[in-house]
Amino acid sequence: MGRSANDLPPDPLREVRRGLLLTGLGTWLALTVHSLLAVPSREGRAPAEEGLWLAVMAAFAFTLFVAVKFVERRSTRLWLAALQLVLALVGNALLDGNSVLAGLTLLVAAQVGLCLPVGLSVLWVLAQTAGLLSVFLPYWSVTDAWAYASGYLCFQLFAVTTTRVALREAEARGRLSVLLEELRITRALLSEASRQAERLDIARDLHDVAGHHLSALSMNLQVALHLTPDGPARAPVERADHVARCLLADVRQTVQGLRGAPDVEFTRDLKVLIGAVPVPVRLNLPPDVRITCGVRAQVLLRTAQEALTNVARHARASQVWLTVGQADGLLSMDIRDDGRGAAELRFGCGLSGMQERLESLGGTLHVHTERGAGLTLQARLPLRGPA
Ligand SMILES: Nc1ncnc2c1ncn2[C@@H]1O[C@H](COP(=O)(O)OP(=O)(O)OP(=O)(O)O)[C@@H](O)[C@H]1O
Ligand SMILES: [Mg+2]
């Protein structure tokens, strides 16, 4: 079984948006409370005006919450940012160009920094600042209005830069954790391969050295038996011949065990692969499935390896199902995940290599996926044929 799904590399955008939501709502609360407590800006205000201002502030918070927490589509988030900008400017105008409440524009700038490239974000911020200036001008001297607006321009640019840097940093961390997972899988496979190679070496040595000498000993004892007439010497020669044959059989059995039957190796290696991926994998490998061909076992193992690596890299899945079966002269391996899938699938080196390997043995590869509905890989290999 793999480790918990919590070990998955986090979605960088989601991570930054979570931080933005908390700081955004905190900033909104601080600015609103400050505006409520700042008596001079509220003196002589009619209750209806107060109510309208509160409604505008509540609408700003609600839009911020929805845009940052729930909306995935970039264009919708931009529309909601524009709505927040209008609400921030209206709220500000209702408080006679309150210089502190203008801080709400920073929250809009931070959201825009996550949706648009730098150049467009700066243009947006400039337009936002022009809007702010037009709200300040009726209530402040030109010098003061310009001073506040230019100050907020710098803060907004800072907000855009900060969110972009946070996004890049989270993306870099995500890439690093994927690389670490790949490294972990490769290390597990390498150590398994080197263990296997060592055992193969020992098996070869045993077969070539001990096996050879024991065969020679057994043949010589056979000759000795023929040459030994019935008498007291014959019984020990017969026992020696029997012991030599037993030893030879034992060595052959040990060599066979060290080389390992392909299906035993396949099951063990598949479990090693599964243990190295960061997503829980439910393995269904019925005991009657017997992969007696080492080449087919290797192709299926490489298929599983690439599929599981892809799950770790692309899927953001919380569960994988891996089923190996055997029916109608075909070996089958289905690997399904419940991750984000893909709207359009373009084969890279991984999937192409997998397909080429399977087809070289007369097999096939089918991939089914839809955005949000995970991905299923179906590999089929004929039990007989080229190998
Ligand atoms: N389990 C999956 N979930 C979602 N998308 C996937 C999954 N597996 C593959 N993909 C998509 O299919 C594409 C092709 O995968 P493929 O393995 O061929 O290339 P790759 O993983 O991008 O790079 P590499 O050549 O290093 O394997 C991926 O880039 C990814 O978009
Ligand atoms: Mg791949």
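The values are calculated or read from the model by the stated rules, or taken from the named source; none is laboratory data. Note that the structure is predicted; figures quoted are calculated from it, not measured. Glycine gets a Cβ as well: all are built from the backbone with ideal geometry, and neighbour counts include every protein chain shown. The protein model used for the area step is the full one, side chains on, heavy atoms only, and it has no ligands, DNA or RNA in it. Shrake-Rupley method; radii C 1.70, N 1.55, O 1.52, S 1.80 Å.
Please determine, in degrees from 0 to 90 and to the nearest 10, the orientation of helix 212-227 with respect to the longest principal axis defined by the Cα atoms of the chain, where the helix direction is its Cα long axis.
That helix lies at roughly 20 degrees to the long axis.
For the chain, what Kirkwood radius comes out of the mean inverse Cα-Cα distance, in Å?
For the chain, inverting the mean 1/r across all distinct Cα pairs yields 27.0 Å.
On the accessible surface of segment 238-366, probed at 1.4 Å, how many percent belong to carbon and sulfur atoms?
51
Provide the per-residue ³J(HN,Hα) series for segment 24-31, in order, calculated from phi with Karplus coefficients 6.51, -1.76, 1.60 and θ = phi - 60°, each as a whole number of Hz, with x at glycine and proline positions.
Calculated HN-Hα couplings, in order: x, 5, x, 5, 4, 5, 4, 5 Hz.
Pick out, from 286, 152, 38, the residue whose Cα sits farthest towards the positive end of the charge dipole of the chain, with +1 on the Cβ of Lys and Arg and -1 on the Cβ of Asp and Glu.
About the Cα centre, the residue reaching furthest to the positive side is 286.
I'd like the orientation of helix 74-94 relative to the chain: the angle between its Cα long axis and the longest Cα principal axis, in ° from 0 to 90, rounded to 10.
Its long axis makes an angle of about 30 degrees.
Compute the convex hull volume of the Cα atoms of segment 199-250, divide it by the residue count, and report the result per residue in Å³ as a whole number.
On the way: hull volume 2.7 nm³, N = 52.
Residue-normalised Cα hull volume stands at 52 Å³.
Quick one: compute the contact order of the chain, relative version, from alpha carbon pairs under 8 angstrom and 6+ residues apart, as a percent.
15
In whole percent, what relative contact order does segment 261-387 give with Cα contacts below 8 Å and a gap of six or more residues?
Contact order relative to length: 24 percent.
How far is helix 47-69 tilted off the main Cα axis of the chain, in degrees rounded to 10, range 0 to 90?
20
I need the Kirkwood Rh of segment 261-387: take the reciprocal of the average 1/r across all distinct C-alpha pairs and report it in angstrom.
14.6
Loop-only check: which GluC sites (Glu not before Pro) in segment 274-359 are DSSP coil with at most 12 other Cβ within 10 angstrom?
344
If you place +1 on the Cβ of every Lys and Arg, -1 on the Cβ of every Asp and Glu, and leave all else neutral, what size is the dipole of segment 261-387 about its Cα centre, to the nearest 20 Debye?
200
Measuring from the lowest to the highest alpha carbon on each principal axis, how far does segment 117-222 reach, largest first, in angstroms?
Principal extents (Cα only, largest first): 118, 17, 12 Å.
Tell me which residues come under 5 Å, amide H to amide H, from residue 319 once H is placed; ignore anything under 5 positions away on its chain.
Amide H neighbours of residue 319: 338.
Send over a whole-number figure in Å² for the accessible area per residue of segment 5-176, probe 1.4 Å.
For segment 5-176, the per-residue accessible area is 50 Å².
For segment 203-267, with the dipole built from +1 on Lys and Arg beta-carbon atoms and -1 on Asp and Glu ones, taken about the Cα centre, which of 251, 222, 210 lies farthest toward the positive end?
It is 222.
May I ask you to give the percent of accessible area on segment 1-155 that is carbon plus sulfur, with a probe radius of 1.4 Å?
73
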